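Presented below is the structure to which this report refers.
The values are calculated or read from the model by the stated rules, or taken from the named source; none is laboratory data. Quick caveat: nothing in here was measured; it's all calculated off a predicted structure. Ideal geometry is used to build each Cβ from the backbone, glycine not excepted, and the neighbour counts take in all protein chains shown. All accessible areas refer to the heavy atoms of the entire protein, side chains included, with ligands and DNA or RNA removed. Shrake-Rupley method; radii C 1.70, N 1.55, O 1.52, S 1.80 Å.
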Amino acid sequence: MLKFQAVKQTKTYAGIVEQISNLIEQGELKPGDRLPSERTLSSELNIGRQSLREALSVLEAVGLLEVRHGIGTFVRQDAISKLPAIAKDDDNIVSPFELLDARRVIEKELVSLAAKKATEQDIADMEKALEKLRNNSIEGRHAIDLDREVHLAFARGAHNEILYRTMLEITEHMTKHMWTVMKEKSLEVLGRGEKYNKEHEVIFLAIKSGDSRKAANAMLTHLKNIEKSFLQR
């Protein structure tokens, strides 16, 4: 019988990912094996269902697990070959969902400030970044890089050096493997890239019109929709 250990609350996400990937690597979990139910796993790992779903979503995105709807979650047949994609034994590993939490706090304030402080040049730079993303026909990493440039253009419009430096640090994590895998997977759904672009447009128009509350709410909606797409297993 599989023996899971309670996860330290300071590294919940990393602990779940590490335990399950280790069990696969050691042969305790074999290709085709079904994982225990979410209820059982959350109890044995001593974590909340939300944290568990986040970690399982990442493990699915990198190719270790697959969900068979109405049946359960299983170890993929080619899971062993995907193990190098998992960063283990790293206390600094950042969950894509932890990153989204930080973005909700920082970017909401950045676009709110941008609606009050953005100059004509800032607005022109935002339009240019949005146009590049709209006209992009290359999927994957290239699209993600252009998306990041849009968010940085919004951030520059706030004219707050401390918040902008924080945003730069956040976007550095958006170059890491876990985030890019999750974002690329979310963009595989037909029409989702276009939906994100429309959400960017709503944020931009709110900034341009000087409506700080609308800009903040539009950013929160955008980030909430990204989170939903990441959790759709």
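Overview of results
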read-out	value
Theoretical FRET efficiency, 1/(1+(r/R0)^6), r = Cβ-Cβ of Glu161 and Lys132, R0 25 Å, to 0.05	0.50
Per residue, the convex hull volume that the Cα atoms of the range 89-213 enclose (Å³)	100
Label-to-label distance, nm, for residues given as Gln26 and Arg68 (7 Å Cα→Cβ offset)	2.6
Label-to-label distance, nm, for residues given as Ile80 and Glu194 (7 Å Cα→Cβ offset)	4.3
For the chain, accessible area per residue (1.4 Å probe, heavy atoms of protein chains only), Å²	52
Ratio Rg/Rh [Cα only; Rh per Kirkwood] for the range 20-139	1.14
Convex hull volume of the range 149-198 per residue (C-alpha atoms, cubic angstrom)	67
Protein-only accessible surface order, largest first, of Glu169, Glu107, Glu120, Glu54 at 1.4 Å	Glu120, Glu169, Glu54, Glu107
R0 of 30 Å, Cβ-Cβ distance His142-Lys224: FRET efficiency to nearest 0.05	0.75
Relative packing of 191-197, 181-187, which averages over residues the other C-beta atoms within 10 Å, highest first	181-187, 191-197
Solvent-accessible area, 1.4 Å probe, carbon plus sulfur percent, for the chain	48
Relative contact order for the range 141-233, counting Cα pairs under 8 Å that sit 6 or more residues apart, in percent	23
Measure of compaction for the range 162-233 (Cα Rg per 2.2 N^0.38 Å)	1.21
Ile226 accessible area, 1.4 Å probe, all protein chains in place, Å² to nearest 10	0
Gaussian network model of the chain, Cα within-10 Å springs - most flexible of His142, His159, His200	His142
